[in-house]
Amino acid sequence: MQTVQHILEQNQISAPLTETINTVLTASKDIALLLQKGAMGDILGCAGQENVQGETQKKLDVISNDMLKDALKACSHVAGIASEEEDLPVAANADGQFLVIYDPLDGSSNIDINVTVGTIFSILPSNGGDTAQEATYLQKGRNQLAAGYVLYGPSTLLVMTTGQGVDIFTLDPDTKEFVLTEAQSQITPTTKEFAINMSNQRFWAKPIQTYVADMLQGEEGPLGKRYNMRWVAAMVAEVHRIINRGGIFMYPWDNREPNKPGKLRLMYEGNPMSMLVEQAGGLASNGEIAILDIEPELIHQRVPVILGSKEEVNTALSYNK
Ligand code: AFP
């Protein structure tokens, strides 16, 4: 069975980048072990504080963030770190080449009900910039050197790209190694499955309301097919389902807070997931342009997201015309 190491060597990934990726994966294996403890580990529930997003932090948000931060600061190739759970970027090693930007536990509202969560990571070049300054991190998603997620589900999976396709690895509980279980995964171009939080329907812009209403009309409607719906409330699980069997995922702008472009964050949700989706043959848009082409202005900047099967995303975008 091929391991992550084999694939990274096959893709001629440098030793420093390989070591940086392995640092994320080692911390993720420890997070997986913690999650398996559940209520026995005094890790459930809220941490009694809010993050910069104004969201109540779960205990595991804080614990997993610190595990990744400590591990990455100890890796000499890491110049700086940014996290959903850190108000400001964290400077690491002056001689490091890479910035690691992550959501330590995406979908953390699922933890207390034992439903899938995941770690999302994005690796950018530091370009010798001052990694105590936010500006160093504000690079387009197209600059990413690697992106991926670790999915803590019935099994623990790693889905990763270094720009040469998307590979899926399964954590072998016996050897504690991620082994390749699907190479060069591709997203089917068409789908009958959509993911959106329908409870926000009245707040969406008109084009999305019309598109979703057309899907709900099924075979008799303008789209001429019966759709199914899924909503796991963890982007990492939605994206994995789409890579696995196609689909479209949307978290669009809504008018609940008109100045907020959406709920999801560009740097550590939108960009890494969009790189994976594009590398697997899908599309990822903010409704107007490819997410990977967005020029970031803030490290915690939010972005509307429409991603998944290429033909369905184009159908959704056609309503914006
Ligand atoms: P949490 O990490 O706070 O659970 O949020 C998860 C998330 O950012 C993303 O992973 C989900 O797709 C989305 O929020 C779910 O949002 P709703 O709770 O509004 O459905």
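Run down D42, D112, D87 and say which single residue is farther than 22 Å from T23 by Cβ, away from the ligand (no atom under 14 Å from the Cβ), acidic (D, E) and modelled with pLDDT under 95.
Numbers: D112 fails: away from the ligand (no atom under 14 Å from the Cβ); D87 fails: modelled with pLDDT under 95.
Exactly one residue qualifies, and that residue is D42.
Beta carbons closer than 6 Å, at least 6 apart along the sequence or on distinct chains, pair a first residue in segment 106-127 that is more than 11 Å from V150 (Cβ to Cβ) with a second that is more than 15 Å from the ligand (Cβ to nearest atom) and open to solvent by 20 Å² or more (accessible area, probe 1.4 Å) for I123/L145; L124/N143; S126/Q97.
With the condition kept exactly as written, say whether any residue in segment 106-119 is of a type in the set (G, A, S) and touching a Lys or Arg at 6+ places or on another chain (Cβ under 7 Å). Yes: segment 106-119 contains one or more residues that are of a type in the set (G, A, S) and touching a Lys or Arg at 6+ places or on another chain (Cβ under 7 Å).
Which one of the conditions (1) assigned to a loop (DSSP other than H, G, I, E, B); (2) within 16 Å of the ligand (Cβ to nearest atom) does P173 fail to meet, given that it meets all the rest? It is condition (2) that P173 fails.
With respect to (1) in contact (Cβ under 8 Å) with a residue 24 or more places away in the chain; (2) surrounded by 15 or more Cβ atoms within 10 Å (Cβ to Cβ), the lone exception for N22 is condition (1).
Might you check whether a residue that is within 23 Å of A135 (Cβ to Cβ) and at pLDDT 95 or above occurs anywhere in segment 225-243? Talk me through it step by step, then tell me what you get.
So the first thing to find is which residues in segment 225-243 are within 23 Å of A135 (Cβ to Cβ), and the list is none.
Looking through segment 225-243, none of the residues is within 23 Å of A135 (Cβ to Cβ) and at pLDDT 95 or above.
The values are calculated or read from the model by the stated rules, or taken from the named source; none is laboratory data. Values in this document were obtained by computation on a predicted structure and should not be read as measured data. Glycine gets a Cβ as well: all are built from the backbone with ideal geometry, and neighbour counts include every protein chain shown. Areas reflect the complete protein model, heavy atoms only, side chains present, ligands, DNA and RNA absent. Shrake-Rupley method; radii C 1.70, N 1.55, O 1.52, S 1.80 Å.
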